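Q: Mind looking over this structure? Questions follow.
The values are calculated or read from the model by the stated rules, or taken from the named source; none is laboratory data. All values derive from a computational prediction rather than experimental measurement. Cβ placement follows ideal geometry from the backbone for every residue including glycine, while neighbour counts extend to all protein chains displayed. Side chains are part of the model used for accessible areas, which takes the heavy atoms of the whole protein and leaves out ligands, DNA and RNA. Shrake-Rupley method; radii C 1.70, N 1.55, O 1.52, S 1.80 Å.
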Amino acid sequence: MKKIANYINGKLVAPQNEKYIDNYNPATGKIYSLIPDSSEADVNDAVVAARDAFVGWASLRNTERADWLEKISHGIESRMNELALAESTDNGKPLWLARSVDIPRAKDNFKFYSTAIRHFSSESHQTAEGVINYTLRKPVGVAACISPWNLPLYLFSWKIAPALAAGNTVVAKPSEVTPMTAYLLSEICEEIGLPAGVLNIVHGLGHSTGNALISSDEIDLVSFTGGTATGAHIAKIVAPKFKKMSLELGGKNPNIIFDDCDFDKMLKTTLNSSFANQGQICLCGSRILVQRGIYEKFKEAFVRKVKDMKVGDPMQEDSRQGAIVSQPHYEKILDYIAIAQEEGGKVLTGGKAIHLEGEHKDGWYIAPTVIEGLDQQCRTNQEEIFGPVVTIQPFDTEEEALALANSTGYGLAATIWTSDLHKAHRMGNKVESGIIWINCWLLRDLRTPFGGVKNSGVGREGGWEALHFFTEPKNVCIAY
Ligand code: NDP
């Protein structure tokens, strides 16, 4: 069985304790590889390697670091099919999705920051005749980057690329649930001869390996994407040490549909925003709010389309949905469906596990599920389920839609459908959310700020925001 390795100080190495964790293929429910159960000793080695590499890497010209990032991007491109297959096998997502979205985006993350750092600049302020301030933007040091399982290489590279571009060295931990593409990335870095210690990838469990990393006194900042509870735990450890922190956390996103919208376009996109990647995207809209004038029409058309969505083998081109990422997550989603029914919700379609045949009979599949009849304050409408489960709720007025949209502790993303420009801007301004999509969803421009408000996180990624986060500004005032 394939054993993957840590990548520390430029080398692929086994964990010192020689312990491994089973890695499952969610499509079959079978163990298919082993990943290091790294201990604090491995984390420390990685942090020391990153510390040793820091001065050399930070003192390269921006254009030199940009060249390295471009080489990584080319390395990903040249192994596109292998990476897509690995991502789908590890995560359960359809292969076509990994091939068309996840891996191209990982390649683009490195490419984007290889160009961004070439154009990055800092400010100067003339205060008076003979007095000038200029701001240096210096790399912070050793960056700890921790990412989740839903978009494994996509989110891993979204942190690593700007951290490296800005001149930091990195110790990164992917989710233990989906480690394979991070491992292949380390192979790529080894192949291209990235200087030793610049990027280190340590595999293992969150509560041990991850915890050792964020608790290390030798790291200088933490960039974390994952659940809100984990983010709160990390903040408790990191904040008292006054280290920089960026936390990209969970969501319970509203999809607000007014009766004057372009119905067909909205319907098509809403299917995606509800169920793409089995609903396991932090930006999926899990609360669908529909204005009463089109509520019944929407319900009938949406449920009909959802019933037609094929849940199947992720390797099949016609599988619209693949497997749920892990058995614990599969059980969590099924528990939430039961809770929704206890709370009085009516399952309009789905609501159950799907059992495929043959080698997929033990895989973790759930039918896309639509539930109505729940009030906004119930657990189903307040807590993040992070699976193929959406609720639908009617509303009458703009004010009511706004109150419903804002009535959770989260504030990551929202989608608004209307052909009234004024209403679109009013709502866009007032919905409490870091990201708003109007008449579209998941149209990403890598230059824009990305992140959430309230329990959805602290800080922003993307574009200059990330380069600002991964650098420390130092102001120099000179009188001449
Ligand atoms: P978790 O919070 O469980 O894990 C995220 C990462 O943190 C994993 O690598 C995990 O390791 C690690 N981790 C867990 N505990 C610790 C710890 N004590 N110290 C350090 N690291 C730790 O989230 P999931 O992986 O379950 O991801 C799903 C969540 O991510 C959802 O809430 C989703 O909304 C959110 N998310 C947010 C996004 C955003 O941009 N705002 C984007 C995508 C997802 P391991 O897996 O090995 O336990």
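Q: In segment 21-80, what count of residues is obtained for those that are over 30 Å from residue 358 (Cα atoms) and part of a helix (DSSP H, G or I)?
A: Adding up the residues that qualify gives 36.
Q: Taking residue 53 as the residue in question, decide whether it is open to solvent by 30 Å² or more (accessible area, probe 1.4 Å) and either closer than 14 Å to residue 218 by Cβ or not assigned by TED's automatic domain parsing to the domain that holds residue 211 (or both). Give the steps one after another, and end with the answer.
A: Values: open to solvent by 30 Å² or more (accessible area, probe 1.4 Å): no; either closer than 14 Å to residue 218 by Cβ or not assigned by TED's automatic domain parsing to the domain that holds residue 211 (or both): yes.
For residue 53, the condition - open to solvent by 30 Å² or more (accessible area, probe 1.4 Å) and either closer than 14 Å to residue 218 by Cβ or not assigned by TED's automatic domain parsing to the domain that holds residue 211 (or both) - is not met.
So that you can scan it fast, the table gives a plain yes or no per residue for (1) of a type in the set (Lys, Arg); (2) within 26 Å of residue 462 (Cβ to Cβ); (3) open to solvent by 10 Å² or more (accessible area, probe 1.4 Å):
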position	(1), (2), (3)
219	no, yes, no
223	no, yes, no
228	no, yes, yes
258	no, no, no
270	no, yes, no
273	no, yes, no
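Q: Just to be sure before I move on: is residue 476 in contact (Cβ under 8 Å) with a residue 24 or more places away in the chain and under 24 Å from residue 227 (Cβ atoms) in the structure I sent?
A: no
Q: Could I ask something else about it? Looking only at residues that are closer than 22 Å to residue 381 by Cβ, more than 15 Å from the chain's Cα centre (by Cα) and in a helix (DSSP H, G or I) in segment 228-272, which one is nearest to the ligand (Cβ to nearest atom)?
A: Step by step, filter segment 228-272, then rank; the result is 229.
Q: Now for a separate question. Of all residues being crowded, with 21+ Cβ neighbours inside 10 Å and within 10 Å of the ligand (Cβ to nearest atom) in segment 183-211, which is nearest to residue 6 (Cα to Cα)? Just the residue, please.
A: For segment 183-211, the residue satisfying everything is 203.
Q: If you don't mind, there's one more thing I want to ask. Can you tell me which condition residue 220 does not meet? The list is (1) closer than 30 Å to residue 14 by Cα; (2) near the ligand (Cβ under 8 Å from one of its atoms), and all the others hold.
A: (2)
Q: Give the residues of segment 1-49 that are among the small types (Gly, Ala, Ser) and farther than 16 Å from residue 185 by Cβ, sorted by residue number.
A: Taking segment 1-49 and keeping what is among the small types (Gly, Ala, Ser), we get 5, 10, 14, 27, 29, 33, 38-39, 41, 46, 49.
14, 27, 29, 38, 39, 41, 49, listed by residue number.
Q: Also, quick follow-up: Name the residues in segment 84-101 that are open to solvent by less than 10 Å² (accessible area, probe 1.4 Å) and either polar (S, T, N, Q) or closer than 24 Å to residue 168 by Cβ (or both), would you?
A: 88, 91
Q: Let me ask something else. Based on what the data block shows, is residue 103 part of a helix (DSSP H, G or I) and either modelled with pLDDT of 95 or more or touching a Gly at 6+ places or on another chain (Cβ under 8 Å) (or both)?
A: Values: part of a helix (DSSP H, G or I): yes; either modelled with pLDDT of 95 or more or touching a Gly at 6+ places or on another chain (Cβ under 8 Å) (or both): yes.
Judged against the criteria, residue 103 is a match.
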